[in-house]
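The values are calculated or read from the model by the stated rules, or taken from the named source; none is laboratory data. It should be emphasised that the depicted structure is a prediction, and the values quoted were computed from it without experimental measurement. For neighbour counting, all protein chains shown are included, and Cβ atoms are generated from backbone atoms with ideal geometry for every residue, glycine included. Heads up: the accessible areas ignore ligands, DNA and RNA and are worked out on the full protein's heavy atoms, side chains in. Shrake-Rupley method; radii C 1.70, N 1.55, O 1.52, S 1.80 Å.
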Amino acid sequence: MDIKPNLIGITAPELAQSLADMGVPAAQVKMRRRQIWSWLYAHGVEDIEAMHTINKDLRATLADHYRLEPLKVAEEQMSDDGTIKWLFQLDDGFRVETVYIPEPSRGTLCISAQVGCTLNCRFCHTGTQKLVRNLTTAEIVAQVVTARHILKDWSRHNIEGASAGANINRHISNVVCMGMGEPLYNAENMAKGLNIISDGDGLALSRRRITLSTAGVVPEIKPMGEKTGVMLAISLHAVNDDLRNELVPINKKYPLAELLAACKQWPNLSNAKRITFEYVMLDGINDSDAEARQLVRLLASIPAKINLIPFNPWAGSPYECAPPERVKAFADIVNKAGYASPVRRPRGRDIMAACGQLRTADVKKSAAEKRREATPAPAGARA
Ligand code: SAH
């Protein structure tokens, strides 16, 4: 079946070109493009018909060429702490996870970059998933649009019946690309998507409130910074190559020295725009005082923040989380060296929405299927 492209995720220049191709007079293209953009991303309309400022004929032509479709919610789970995890169903049946994390001062949406992941980081649940494909720009942007629909998170005057003050704790103010997959293995679609969600005339998320996290795809780091101007986070997790090769195997291809050199090339790096280094605390593996001191030395010449992440265990994971007193001792050393080193509070653990726990039910199902296949049929079962 030939399905029309989604209007969500088309870049501004692509949309302008498309309008020109549809016969919109050259003098009107810019205005029409802006109107449609505003309906899509500032007002959050769910239907092309609802774009009142666009004349009927053009609405019909638009609808001939495009559909306007958010992602389908296959599953929604809410944690005791208010974190919401959605399993979104894509057109081809694959599923990805998106997580909303409300906090008193902000609301963060954690979006996915790929179905599954090819990196195989030893401590990460997503890495155990085999199926992988890149998300399209439409699917990247639609995660934000769909979450805003569900949370009724469009500008307040557009929400029917919303009273003043409604949605304050629901507002998506920040986006982190820390869901499933490696964003820098999907760099082109990711850059397009991030430029759409940060466009000031639309979803208008501040680039300073968008953070792209990478395990270290070195050649893509600087170009991504130049194309998007968002914030960077590096999944460091180890301070020497031997251990990092084991925990984050992409380190064999791009070792620490190359990774840190690439960080120094990040555009506009300054104390106001520091790089976040994520460091997962694994009991007896990477959590010693000596490693904390080495971490400080390693980052000495980079404007950096350090984010200590308590390891979130999953069934069958080969590690345990470092005990709280170890995390504290590690954090103290890093703090004394002058780094803010917040320990990330795990959110949504009860619904498997915490860092590195994302993995779709599809694969759990196929694991169960595998077990069934491996188990001989009971006596008397149909031959
Ligand atoms: N591929 C990207 C983004 C996805 S992972 C990257 O590697 O940065 C987002 C963050 O969660 C990374 O820092 C990752 O190392 C961390 N993470 C993965 N599994 C985890 C787990 N079980 N517990 C805690 N953090 C985890």
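Once you reduce region 283-328 and region 32-88 to the center of their Cα atoms, the two points are 41 Å from each other.
The calculated FRET efficiency for Asp47 paired with Thr128, based on their beta-carbon distance and R0 = 56 Å, is about 0.90. Once you sort the root eigenvalues of the Cα gyration tensor of region 211-310 as a ≥ b ≥ c, which label holds: rounded (a/c under 1.5), prolate (a/b larger than b/c) or oblate (the other case)? In terms of gyration-tensor shape, prolate. Per residue of the chain, the DSSP helices (runs of n ≥ 4 H) give a summed -39500 (n - 2.57) that works out to -9500 deg cm²/dmol at 222 nm. The Cα center of region 117-157 and the Cα center of region 191-234 differ in position by 15 Å.
Note on region 12-65: with neighbouring protein chains present and a 1.4 Å probe, carbon and sulfur make up 53 percent of its accessible heavy-atom surface. Looking at region 179-320, the accessible area is 37 square angstrom per residue; that uses a 1.4 Å probe and ignores ligands, DNA and RNA.
Residues Glu139, Glu46, sorted by accessible area with the largest first, give Glu46, Glu139 [1.4 Å probe; ligands and nucleic acids excluded]. Here the contact order of region 12-65, divided by its residue count and restricted to Cα pairs under 8 Å and six or more residues apart, works out to 27 percent. Relative to the dominant Cα principal axis of the chain, helix 218-228 is inclined by about 40°.
Ranking Gly193, Gly9, Met51 by how far each Cα lies toward the positive end of the dipole of the chain (charges on Cβ) leaves Gly193 at the top. Considering only the Cα atoms of the chain, their convex hull presents on average a projected area of 23.9 nm².
The portion of the accessible surface of region 72-362 made up by carbon and sulfur, rounded to a whole percent, is 50 (1.4 Å probe; DNA, RNA and ligands excluded).
The HN-Hα couplings worked out from phi for region 293-309 by the Karplus form 6.51 cos²θ - 1.76 cosθ + 1.60 (θ = phi - 60°) are 5, 5, 4, 4, 5, 4, 9, 3, 9, 10, x, 9, 10, 10, 10, 8, 10 Hz, whole numbers, x standing for Gly and Pro.
For Ser213, the residues whose modelled amide H falls within less than 5 Å of its own, excluding neighbours fewer than 5 places apart on the same chain, are Cys177, Ala233.
Note on Lys264: accessible area is roughly 110 Å² with a 1.4 Å probe, heavy atoms of protein only. Here the ratio of the Cα radius of gyration of region 12-65 to 2.2 N^0.38 Å is 1.02.
Normalised by the number of residues in region 72-362, the average gap of Cα pairs under 8 Å and 6 or more apart makes the relative contact order 19 percent.
For Thr146, the solvent-accessible surface computed with a 1.4 Å probe is close to 0 Å², ligands and nucleic acids excluded.
Listed peptides 172-182, 19-29, 56-66, 239-249 appear in the order 172-182, 239-249, 56-66, 19-29 once ranked by packing, highest mean of other Cβ atoms within 10 Å at the front.
Close amide H contacts of Phe277 (hydrogens built in the peptide plane, cut-off under 5 Å, sequence separation of 5 or more or a different chain): Ile234, Lys305, Ile306, Asn307. For region 72-362, the share of DSSP beta bridges that are antiparallel, to the nearest 5, is 50%.
With the whole protein complex present, Val141 retains an accessible surface near 0 Å², based on a 1.4 Å probe.
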